[in-house]
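Inspection log for the structure reproduced underneath, given as structure tokens.
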């Protein structure tokens, strides 16, 4: 039964780490067998859901309409940005499969760390590395994530996340800019 209000009558909050299949998606599929339709919104939390293509591509499309917040957007190999396409092509050539969201996150972490190491200089010490990390300001990754900044009092790097929704078996940004929290 469709809801008549602008707001859904059921909300299912899901989170936690599960890289093979999301319990929320399984729950949504089970709810559908009980007659729950589009008046349900399923919201995922944590980065384990956004960008995990297995969630978006689940057989029977139980994830269609699933929303999730994450600190970055998953960039598919056909992304229009040349830098993203070059990286995803090189990754596929080297490893034989497409980079996934966690690979993109790892690449971002690694390139951020390399930038801090370069900033620390050749005479690296623990103190120079910490100083370099804490002086990183408005650093951007190749994937278009939010600017990352650290300081002696802020080791959070970013307090911005993206809202994405599964549409036609793909994670699709609701908006291209991150939201603050």
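The values are calculated or read from the model by the stated rules, or taken from the named source; none is laboratory data. This structure is a prediction, so every number in the text was calculated from the model and none was measured. Glycine also receives a Cβ, built like all others from the backbone with ideal geometry; neighbour counts cover every protein chain displayed.
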| request: Please work out which one of (1) part of a helix (DSSP H, G or I); (2) in contact with a strand residue (DSSP E or B) (Cβ under 7 Å, 6 or more places away or on another chain) is the condition residue 72 fails and give its number. | output: (1)
| query | Can you find even one residue in the stretch 62-80 that is farther than 22 Å from residue 52 by Cα and at pLDDT below 95? | reply | no
